Amino acid sequence: MYLAGARIIRQFAFSPTLGSAFNATLMSYASHVCVGINVDVRAVPDQPALMTAVSEGFRAVLALGTRHTDATVTTSY
């Protein structure tokens, strides 16, 4: 897929909370999966702990089926 002549290699997920305390969005395209997490800081005061838990969870799931792939988990916030 191309946009304005540039090849799209991944889409970054974004989801506003829309009145909720927590929103997670997962989007996949061309063998890439992006997860966007948006939280209310009053409801989730320790965002680094949340990101660590989510990352560890994805790593555990990927470990079940990545013997022959190059899957990785990266985080940024």
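Here is how the numbers come out for the structure above:
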| read-out | value |
| --- | --- |
| The stretch 6-49, relative contact order [Cα under 8 Å, separation at least 6], % | 37 |
| Where labels lie 7 Å past Cα in the beta-carbon direction, separation of SER28 and PHE58 in nm | 1.3 |
| Derived scalar couplings ³J(HN,Hα) [the stretch 2-9; Karplus, 6.51 cos²θ - 1.76 cosθ + 1.60; whole Hz; x for Gly, Pro] | 10, 9, 6, x, 9, 6, 8, 10 |
| Linear extension gain, ASP46 paired with ALA6, 0.36 nm per residue minus alpha-carbon span | 10.6 nm |
| Calculated from backbone phi, Karplus (6.51, -1.76, 1.60) coupling profile of the stretch 39-44 in Hz, x at Gly/Pro | 10, 7, 4, 6, 8, 10 |
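Taken together, the values in this text are just the output of simple stated rules run on the coordinates, not laboratory data. Owing to the predicted nature of the structure, the values given are computational and were not obtained by experimental measurement. Please note: Cβ atoms are built from the backbone with ideal geometry, for glycine as well, and neighbour counts cover all protein chains shown.
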